[in-house]
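The values are calculated or read from the model by the stated rules, or taken from the named source; none is laboratory data. Source: prediction; values computed, not measured. As a convention, Cβ positions derive from the backbone with ideal geometry for all residues, glycine included, and neighbour counts pool all protein chains shown.
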Amino acid sequence: MRIGLFGNHTGLAGRLSVVGVEVVVDGGSPGGDVRTVEGLKGFLEALDHPRLFLLDLPAGTEVDRVIDEAYVVMEPGDVVIDATPSYWGDTLRRFRRMRHRSIFYVDAALLPERGAALLAGDQRGTDLAMPLLERLTRPGGAVRAGEAGAAHFARMVHAGVAMAVEHAVSEARQLLEAYPNEADPEPIADLLWPGRDAASPAAAWLLEDAVRLHAVIPLLAQSVMLEMGAALDDHRAVEVPPRVGGFVNPDDIL
């Protein structure tokens, strides 16, 4: 299998090489075993149709800049897999733009700590993307999340749950420390709540979205506020990932 890779924000070039995927990049080397082409048009000859392109970029305007440059050399039926940590509303806008050129745009939420991935988009696009994501996950770990944007939306929810769990375990440690006959909180916490996912500031996106979607999330909202309070106490900033745009209703944009 051979794919075109844009960026290497999370080190996907190395992970892909390990699982036998040949990575093709435009100039330079992002690390790992890669093949280089000169100029974006080189992808047309280096990749078999339908071509698979993977975005491994930070959230924000960089994603749009790369798409602006790259989509002009793509052809109908090609697949763009967006593995960026983007806000789902931005993903919907990009999906619409690519669909107008008959290019499949699949949003993917990679969860390496779970050996899993979520993917969402048109049925044909997810069918074409599935073999690649299955190589990056445990058996059965690649799951279809639904229509466009659903995978990135689910990752945002996952970020909120991870933050809530982090604060719950912190409270549990305090309670264990209060045991009147001595207890060791750390090994107890590791045994009772193993494999906890790292919390992400992207959980802050949940607050506005929950209001707009009429979803009641008091525990998740409180965890975000607790994290902001802890950051203020520690004199540190909560670096929420950038959004290009705000909330959108899929019915209005698609």
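Yes or no, residue by residue, for (1) surrounded by 24 or more Cβ atoms within 10 Å (Cβ to Cβ); (2) touching a residue at least 60 places away in the same chain (Cβ under 8 Å):
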position: Pro76; (1), (2): no, no
position: Thr91; (1), (2): yes, yes
position: Arg96; (1), (2): no, yes
position: Gly121; (1), (2): yes, no
position: Leu128; (1), (2): no, yes
position: Arg135; (1), (2): no, yes
position: Arg138; (1), (2): no, no
position: Glu171; (1), (2): no, no
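List every residue pair whose Cβ atoms lie under 6 Å apart, where the two residues are 6 or more positions apart in sequence or sit on different chains, the first residue falls within the range 155-166 and is in a helix (DSSP H, G or I), and the second residue, located anywhere, is among the basic types (Lys, Arg).
Partner pairs satisfying both residue conditions: Val165/Arg196.
Any idea which of Val24, Val72 is surrounded by fewer than 17 Cβ atoms within 10 Å (Cβ to Cβ) and hydrophobic (A, V, I, L, M, F, W, C)?
Val72
Scan the range 140-152 residue by residue and report those that are crowded, with 22+ Cβ neighbours inside 10 Å and in contact (Cβ under 8 Å) with a residue 40 or more places away in the chain.
Those that are crowded, with 22+ Cβ neighbours inside 10 Å and in contact (Cβ under 8 Å) with a residue 40 or more places away in the chain: Ala148, Gly149, Ala151, His152.
At least 2 residues that are modelled with pLDDT of 90 or more, of a type in the set (A, V, I, L, M, F, W, C) and within 25 Å of Gly121 (Cα to Cα) in each: list the helices (runs of 4 or more DSSP H) lying fully within the range 190-254 that qualify.
Filter on the range 190-254 gives 205-213.
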